[in-house]
1. So for region 91-102 (the condition being among the small types (Gly, Ala, Ser) and closer than 21 Å to Asp142 by Cβ), does at least one residue qualify?
2. Within region 23-65, track down each residue that is among the hydroxyl-bearing types (Ser, Thr, Tyr) and farther than 14 Å from Ala81 by Cα.
3. If you take the residues of region 1-16 that are in a helix (DSSP H, G or I) and acidic (Asp, Glu), which of them is surrounded by the fewest Cβ atoms within 10 Å (Cβ to Cβ)?
4. Within region 44-61, is there a residue that is within 23 Å of the chain's Cα centre (by Cα), loosely packed, with under 13 Cβ neighbours inside 10 Å, free of Cβ contacts under 8 Å to residues at least 24 places away in the same chain and outside any helix (DSSP H, G or I)?
5. Inside region 82-124, can you point out the residues that are aliphatic (A, V, I, L, M), in a helix (DSSP H, G or I) and more than 14 Å from Ile62 (Cβ to Cβ)?
6. Determine the pairs where a residue that is over 15 Å from His46 (Cα atoms), located within region 5-20, has a partner that is at pLDDT 95 or above and of a type in the set (Lys, Arg) with Cβ atoms under 7 Å apart, the partner being 6 or more residues away or on another chain.
7. Taking Thr79 as meeting all but one of (1) part of a helix (DSSP H, G or I); (2) among the hydroxyl-bearing types (Ser, Thr, Tyr); (3) more than 30 Å from Asp142 (Cα to Cα), write down the number of the exception.
8. Pairs needed: first member in region 78-93, surrounded by fewer than 14 Cβ atoms within 10 Å (Cβ to Cβ); second member anywhere, among the acidic types (Asp, Glu) and assigned to a helix (DSSP H, G or I); C-beta distance under 7 Å; at least 6 residues apart or different chains.
Amino acid sequence: MKPDWQDLVSSSYPETVVTIRKMIEQSEYEEAMAGLDELEESMSKHEQRAVKSQLTRLMAHILKWRYQPDKRSTSWALTIANSRIEIEDSQETMPSLNTAFIQSIWEKCFDHAITLAKAEMNLSRKDKFEPAPLTWQEVFEDEYLL
């Protein structure tokens, strides 16, 4: 019986690998390749979501840094540094998560960052908060130190 690769991959990466190994041992190479393809696609999507999440978090903290200078903290600086490290690590793991990928998700992440920053700054939906766009330098190059 052929495995439902999509279901298997979504429930457990390790179980998927075990099933692929069994397929190879049984010389069912085409089915094993189908499993590997599904696993690769799922892992790629997972890394993309992780980068989107970290970029949004990074941008939200930079917005707070920009608009609430009196509330700056070591925690904010560490969050900014950590998000940059996480994005860099993801890029090393998957080179396809390059500058072009980040630029392709930039606006959506910025919009989400505004929403997060508003909530963290305790602004209501009615409060006007239309920050100027963040630059690449602000997000990835500027230092944020107390």
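1. Narrowing region 91-102 to residues among the small types (Gly, Ala, Ser): 96, 100.
Pick out the ones that are also closer than 21 Å to Asp142 by Cβ and you get none.
Checking region 91-102: not a single residue is among the small types (Gly, Ala, Ser) and closer than 21 Å to Asp142 by Cβ.
2. Ser27, Tyr29, Ser42, Ser44, Ser53
3. The residue in question is Asp7.
4. no
5. First pass over region 82-124, keeping only residues aliphatic (A, V, I, L, M): 85, 87, 94, 97, 100, 102, 105, 113-114, 116-117, 119, 121, 123.
From the residues that got through so far, the ones that are in a helix (DSSP H, G or I) too are 85, 87, 100, 102, 105, 113-114, 116-117, 119.
Correct list: Ile85, Ala100, Ile102, Ile105, Ala119.
6. Pairs found: none.
7. Thr79 satisfies every listed condition except (3).
8. If the second residue must be among the acidic types (Asp, Glu) and assigned to a helix (DSSP H, G or I), the pairs left are Thr93/Glu47.
The values are calculated or read from the model by the stated rules, or taken from the named source; none is laboratory data. All of these numbers come straight from a predicted model, not from anything done at the bench. A quick note on method: Cβ atoms are made from the backbone with ideal geometry, for glycine too, and the neighbour counts reach across all protein chains shown.
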